[in-house]
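Peer 1: Dumping the structure here so I can ask a few things about it.
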Number of protein chains: 2
Amino acid sequence: MGLVVQKYGGSSVADAEGIKRVAKRIVEAKKNGHQVVVVVSAMGDTTDELIDLAEQVSPMPAGREFDMLLTAGERISMALLAMAIKNLGHAAQSFTGSQAGVITDAVHGKARIIDVTPGRIQQSVDSGNIAIVAGFQGVSQDSKDITTLGRGGSDTTAVALAAALNAEVCEIYTDVDGVFTADPRVVKKARKIDWISFEDMLELAASGSKVLLHRCVEYARRYNIPIHVRSSFSGLRGTWVSNEPQGDQPMEHAIISGVAHDTSEAKVTVVGVPDKPGEAATIFRAISDAEINIDMIVQNVSAASTGLTDISFTLPKAEGRKAIEALEKTKARVGFDSLRYDDQIAKISLVGAGMKTNPGVTATFFEALSNAGVNIELISTSEIRISVVTRADDVNEAVRAVHSAFGLDSESDEAVVYGGTGR
Amino acid sequence: MGLVVQKYGGSSVADAEGIKRVAKRIVEAKKNGHQVVVVVSAMGDTTDELIDLAEQVSPMPAGREFDMLLTAGERISMALLAMAIKNLGHAAQSFTGSQAGVITDAVHGKARIIDVTPGRIQQSVDSGNIAIVAGFQGVSQDSKDITTLGRGGSDTTAVALAAALNAEVCEIYTDVDGVFTADPRVVKKARKIDWISFEDMLELAASGSKVLLHRCVEYARRYNIPIHVRSSFSGLRGTWVSNEPQGDQPMEHAIISGVAHDTSEAKVTVVGVPDKPGEAATIFRAISDAEINIDMIVQNVSAASTGLTDISFTLPKAEGRKAIEALEKTKARVGFDSLRYDDQIAKISLVGAGMKTNPGVTATFFEALSNAGVNIELISTSEIRISVVTRADDVNEAVRAVHSAFGLDSESDEAVVYGGTGR
């Protein structure tokens, strides 16, 4: 049997009991004959407490020092986890991101992994140790400064290590049972997905599903590392994410993988844009220069009578003010009429590779929304996804209606624990 | 002006307010034209909290992982301190022990510094930064594992960096005003010492004075780095420790530097040891093999009538049981009568290079004790120190009597804050 990388989030190691429970699970994998490399996040609220301390000493903490501070969190959890494993009679060594060879660029707070040189980790597991690695952190290639990978960083660390170590699988342990066909807090009849393709998972992640972050799935797809998302509490089989189903996984792709929703975005509409070349470019260059990431962009044909069109886009609510300010400055140059800002919206997305070959999907989707009395404000599609923007108030009903319309409801109501995945 | 190394203990950076106060002090030194390197301990109770966590997951935490855990403490304080300095408008960078080039042996929990290669620190201060370095920690030369230096480790880090960087002075900031002629908690009239030689300071540290640890002073003497012990709260001038007085320091050595006491030791007496060659060697080899550090050793001439002698020694109370067990095993071979163990003792020491040339010192010392009604149980002397063992109950009275007899009492009662120095 080969090497397995396991990742445990902050909620799984929130206290001494959690650490001991996780240690037992790790030792099980070792006893089953695997070489085991574990990536661990900071304990429970540690990161928030450190951020709070930083804010007390400085209103604008600097990136380099802030990263140095935050990485203390994993240092604590990984050392404790190694101790707990040793206490069960198995050899374990903990390693910082730097020691594990996680090399990044120098963008503090959201560094990107540019190389992984896991020589020490390989050596450690070859000597019979369970290697415990700090998630979320690395060391910059040039300056040798400590960096952090930003949101979802520990998952990315795990996948990157799995790729560098040629692991059989990267197991992401979390506080939910896997990836569901919809958010179980909204849809009681949501079903756990047994297997999902990288592509569908990427679309779900981009559309609001929070179990795995886009970045981590992207990395796994690039290096073809199967991910197994599962609960650190239940021991049940979770969701496999890979190129193709493996073993006893269902061989036939489901038409629809799931329904995702996202209420974190706002909608900006630029009203009355002259319909001539270069206007959209001017608008989105202004947005890009302000370093704002946007999501959907929708422009319809212009009204023949006026030669004017409206351009709408969605973006994180937190960046709304910045976007409006940036656009106001282009008003004279572009010559649009006005700006509208709306943060009471929700995005609902239907994801599934099967929709490519099933022409009825779009119609069923819109009918389901219509039957539920939900009005559609924007529509955007990709090859394997349809997204609509609706009123925020309608989101739960809309998701349930669509989930049901595509036959995704499970037979029985499942009781599911659901929460964040930590970092 | 040259480079200054400042060290701040855990009580000086116990919370965000403390960190901000310390940051201001550091910036003052920078404004005065110095290059500044700061060594910082973990915040207040952080270390105890981490130890508590470790005990919850494992009754016998392993050295390597325990060191990894504890070093998270300085990581937090140093990053916060750098942020606080930046917030005052000055450039600062924090460095782990490893980044600062503190190379140690591989003895986890009490590693010894074997080299300091402060290239990154020098570069950082040459670029105009204030460099903040984690105290108490290093990296092992061969295995590249994180190590900790044990008790007083941060002071040693500071002195070692000061030596490697050729600093003008190593300032040790603590929660007392300096080194006193006696423990101010016991002797209200104890005086702050303006200057003391390395030799006297070493004897005081070995005799129970807790302001500076022996190891740190030893390092400073070897590399001839002046130490300035002072309060991080008051801003007053503290105590200079160096080879010779500097500047406006008193040119004439005091006869007596101070009176130290120590109630952490116990006394073991091996009764009825045959007075023949090799017996003492057998006894102390047994103690040494059990890795017990002993302090005073006293053997008087044997009684002519029996040919038997008694050998007494003192050792840390915590090691008493181990010592008795080790000695019991030698009983048949050595042929002694019995063992006596007494942990209700105190050691009182008078320290001062002046006693070498002032023959009356010993007599005055014993008279003072006698006048105070204090019985002497053991006596041991070095060139610049006299130590006696008395009943623990007598210690405060004994120290006050001796302090007064040598004219060390200050004119007025000083109000002094006194506590530990952290690690």
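Just so you know, all these numbers are worked out from the coordinates, no wet-lab data involved. All values derive from a computational prediction rather than experimental measurement. As a convention, Cβ positions derive from the backbone with ideal geometry for all residues, glycine included, and neighbour counts pool all protein chains shown.
Peer 1: Applying 1/(1 + (r/R0)^6) with R0 = 45 Å to the Cβ-Cβ distance of B:A91 and B:E218, what FRET efficiency is obtained, to the nearest 0.05? Before the final figure, lay out the partial values.
Peer 2: Details: r = 34 Å, r/R0 = 0.76.
According to the calculation, E is roughly 0.85.
Peer 1: Continuing with this model, one more query. Taking Cα pairs under 8 Å and at least six residues apart, what relative contact order does segment A:3-175 come out at, in percent?
Peer 2: Values: 377 pairs, mean separation 52.4, N = 173.
It rounds to 30 percent for segment A:3-175.
Peer 1: Starting from the Cα gyration tensor of segment B:3-175, take the square roots of the eigenvalues, sort them a ≥ b ≥ c, and report rounded, prolate or oblate (rounded when a/c is under 1.5, otherwise prolate if a/b is larger than b/c, else oblate).
Peer 2: Oblate is the answer for segment B:3-175, as a/c is 1.5 or above yet b/c matches or exceeds a/b.
Peer 1: By count of other Cβ within 10 Å, fewest leading, how are A:L3, A:L350 ordered?
Peer 2: Listed from fewest to most nearby Cβ atoms, that is A:L3, A:L350.
Peer 1: Going toward the positive end of the dipole of segment B:329-378, with +1 on Lys and Arg Cβ and -1 on Asp and Glu Cβ, which of B:A368, B:M355, B:A332 do you reach last?
Peer 2: B:A332
Peer 1: Using DSSP, restrict attention to beta bridges with both residues in chain B and report what percent are antiparallel, rounded to the nearest 5.
Peer 2: Approximately 60 percent, going by the DSSP bridge assignments.
Peer 1: Next question, about the same structure. Could you tell me which of the pairs A:K86/B:K329; A:K31/A:K144; A:K7/A:K86; A:K188/A:K210; A:K86/B:K331; A:K110/A:K317 are separated by over 29 angstrom between their Cα atoms in the structure shown?
Peer 2: A:K86/B:K329; A:K31/A:K144; A:K86/B:K331
Peer 1: In what sequence do A:I311, A:I324 fall when counting other Cβ within 10 Å, fewest first?
Peer 2: Going from sparsest to densest Cβ surroundings: A:I324, A:I311.
Peer 1: Could I ask something else about it? Which whole-angstrom value gives the distance between the alpha carbon centres of segment B:200-238 and segment B:298-350?
Peer 2: A separation of 32 Å, based on Cα centres.
Peer 1: How many angstrom separate the Cα center of segment A:372-391 from the Cα center of segment B:1-53?
Peer 2: Segment A:372-391 and segment B:1-53 have Cα centres spaced 56 Å from each other.
Peer 1: With runs of 4+ DSSP H residues as the only contributors, calculate the mean residue ellipticity of chain B at 222 nm using -39,500 (n - 2.57) per run, divided by the residue total and rounded to the nearest 500. Spell out each step's value before the answer.
Peer 2: On the way: 13 runs with 137 residues, N = 423.
About -9500 deg cm²/dmol.
Peer 1: Still on this structure, please answer the following. Please compute the average number of Cβ atoms from other chains found within 10 Å of each residue's Cβ in peptide B:91-101.
Peer 2: Mean inter-chain Cβ contacts per residue within 10 Å come to 3.
Peer 1: For A:D52, A:D194, which order do you get if you count the other beta carbons within 10 Å of each Cβ and list the fewest first?
Peer 2: So the ranking, lowest neighbour count to highest, is A:D52, A:D194.
Peer 1: So, one more: Is the shape of segment A:148-291 best called rounded, prolate or oblate, per the rule: a/c under 1.5 gives rounded, else a/b larger than b/c gives prolate, else oblate, with a ≥ b ≥ c the square roots of the Cα gyration tensor eigenvalues?
Peer 2: Verdict is prolate for segment A:148-291.
Peer 1: Identify, for chain A, the residue whose C-beta comes nearest the rotation axis onto chain B, and round that distance to whole Å.
Peer 2: Per the A/B rotation axis, the closest residue of A reads A:A72, 2.
Peer 1: Further, regarding this structure: Which percent, nearest 5, of DSSP beta bridges in the protein assembly as shown are antiparallel?
Peer 2: Working: 88 of 146 bridges.
Expressed as a percentage, antiparallel bridges in the protein assembly as shown total about 60.
Peer 1: Taking the Cα centre of chain A as the origin, how large is its charge dipole in debye, to the nearest 20, when only Lys and Arg (+1) and Asp and Glu (-1) carry charge on their Cβ atoms?
Peer 2: About 780 debye.
Peer 1: Further question: Rounded, prolate or oblate: which fits the protein assembly as shown when a ≥ b ≥ c are the square roots of the eigenvalues of the alpha-carbon gyration tensor, with rounded for a/c under 1.5 and prolate only if a/b beats b/c? Write down the numbers at each step before the final one.
Peer 2: Details: a/c = 3.34, a/b = 2.04, b/c = 1.64.
Taking the square roots of the gyration eigenvalues as a ≥ b ≥ c, the protein assembly as shown is prolate.
Peer 1: Specify the inter-centroid distance of segment A:119-142 and segment B:124-145, based on alpha-carbon positions, in whole Å.
Peer 2: Here the answer is 21 Å between Cα centres.
Peer 1: With the contact rule set at Cα under 8 Å and sequence spacing of 6 or more, what percent relative contact order holds for chain B?
Peer 2: With pairs under 8 Å counted, the relative contact order is 16 percent.
Peer 1: Taking a point 7 Å out from Cα toward Cβ as the label site, list the nm distances between B:S302 and the same residue in every other copy, smallest first.
Peer 2: Nearest to farthest, the other copies are at 11.7 nm.
Peer 1: Turning to a different aspect of this structure: Near the amide H of B:T147, under 5 Å away, which other amide H atoms are found, from residues 5 or more places off or on another chain, if H is placed in the peptide plane?
Peer 2: B:G138, B:V139, B:S140
Peer 1: Inter-copy label distances at A:S338, 7 Å along the Cα→beta-carbon direction, one decimal in nm, shortest first?
Peer 2: Nearest first, the other copies' label points are 10.3 nm away.
Peer 1: All other residues with a Cβ under 9 Å from the Cβ of B:N375 taken together, and with Lys, Arg as +1 and Asp, Glu as -1, what is their net charge? It would help to have the intermediate numbers written out before the result.
Peer 2: Working: positive: B:R391; negative: B:E377, B:D394.
Every neighbour counted, the sum reads -1.
Peer 1: Using DSSP to call loops (not H, G, I, E or B), can you name the GluC sites (Glu not before Pro) in segment A:325-409 whose Cβ has at most 12 other Cβ atoms within 10 angstrom?
Peer 2: In loop regions of segment A:325-409 (DSSP not H, G, I, E or B), the sparsely surrounded GluC sites (Glu not before Pro) are A:E383.
Peer 1: What is the antiparallel percent of DSSP beta bridges lying wholly in segment B:3-175, to the nearest 5?
Peer 2: On the way: 6 of 27 bridges.
Close to 20 percent.
Peer 1: Sort shortest first the distances from A:E377 to its counterpart in every other copy, using label points 7 Å along the Cα-to-beta-carbon line, and give them in nm.
Peer 2: 8.4
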